[in-house]
Amino acid sequence: MNKRTVGSDNEERAVLYLQKQGYVPLMQNYRCFCGEVDIVAKESGDLVFAEVKYRRTQEYGLPEQAVDARKQAKIRRVAMCYLKEHKLPTDTDIRFDVVAMDEREIRLYRNAF
């Protein structure tokens with residue numbers, strides 16, 4: 001499988017996992033001029049922007065380590081675009097989660113940054 005197919009399959013796997021955790025998915029692969037975020041969902045009254053990271057092996061580190069400060073800043077900018085585009089107030093309760101996946105498990109980091 002190519003990287004795009006692997007990425008899409010794992011994002012679908014992450015959506016199913018989040019639904020089992022009580023999340024209500026609103027959108028996948030939200031894009032704006034600032035960038036892209038993998039999943040936008042609602043959970044416990046929060047609007048959640050979730051980044052999905054998958055690694056087949058730990059050769060290059062854990063998947064969650066790929067959500068570095070630069071990536072976090074980009075996701076924050078994308079979230080602000082989402083709020084503006086959907087005419088949501090800037091004081092909307094938002095949260096940034098990371099879904100880290102490998103061949104064996106899924107790890108959810110609520111309020112990751």
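The values are calculated or read from the model by the stated rules, or taken from the named source; none is laboratory data. Source: prediction; values computed, not measured. Positions of Cβ are generated from backbone atoms using ideal geometry, with glycine treated the same way; all protein chains shown enter the neighbour counts.
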Give region 8-20 a look and list any residue that's in contact (Cβ under 8 Å) with a residue 40 or more places away in the chain and basic (Lys, Arg), or say none. ARG13
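Would you confirm, using the coordinates I've provided, whether ASP68 is closer than 16 Å to VAL15 by Cα and charged (D, E, K, R)?
Details: closer than 16 Å to VAL15 by Cα: no; charged (D, E, K, R): yes.
It is false that ASP68 is closer than 16 Å to VAL15 by Cα and charged (D, E, K, R).
Tell me, yes or no, whether region 98-112 has at least one residue that is of a type in the set (Lys, Arg), more than 15 Å from LEU26 (Cβ to Cβ) and surrounded by 13 or more Cβ atoms within 10 Å (Cβ to Cβ). Working first, answer last.
First, the residues of region 98-112 that are of a type in the set (Lys, Arg): 104, 107, 110.
Narrowing the set further to residues that are more than 15 Å from LEU26 (Cβ to Cβ) leaves 104, 107, 110.
Narrowing the set further to residues that are surrounded by 13 or more Cβ atoms within 10 Å (Cβ to Cβ) leaves 107, 110.
Yes, region 98-112 has at least one match.
Among the residues of region 27-58, which ones are within 9 Å of VAL78 (Cβ to Cβ) and either at pLDDT 95 or above or acidic (Asp, Glu) (or both)?
Within region 27-58, TYR30, ARG31, CYS32, GLY35, GLU36, VAL37, PHE49 meet the criteria.
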Could you check how many residues of region 45-87 are loosely packed, with under 15 Cβ neighbours inside 10 Å and part of a loop (DSSP other than H, G, I, E, B)? 11
Going through region 40-65 in order, the residues found to be of a type in the set (Val, Ile, Thr) and either within 17 Å of LYS84 (Cα to Cα) or more than 12 Å from the chain's Cα centre (by Cα) (or both) are VAL40, VAL48, THR57
Considering only region 21-39, how many residues are within 18 Å of CYS81 (Cβ to Cβ) and either assigned to a strand (DSSP E or B) or without any contact (Cβ under 8 Å) to a residue 12 or more places away in the chain (or both)? 12
Long-range neighbours under 6 Å by Cβ, at least six apart or interchain, first residue more than 19 Å from ARG110 (Cβ to Cβ) within region 54-74, second surrounded by 10 or more Cβ atoms within 10 Å (Cβ to Cβ): ARG55/PRO63; ARG55/ASP102; LYS74/GLY35
In contact with a Gly (Cβ under 7 Å, 6 or more places away or on another chain), more than 16 Å from MET101 (Cα to Cα) and surrounded by 13 or more Cβ atoms within 10 Å (Cβ to Cβ): is that true of LYS42 in this structure? no
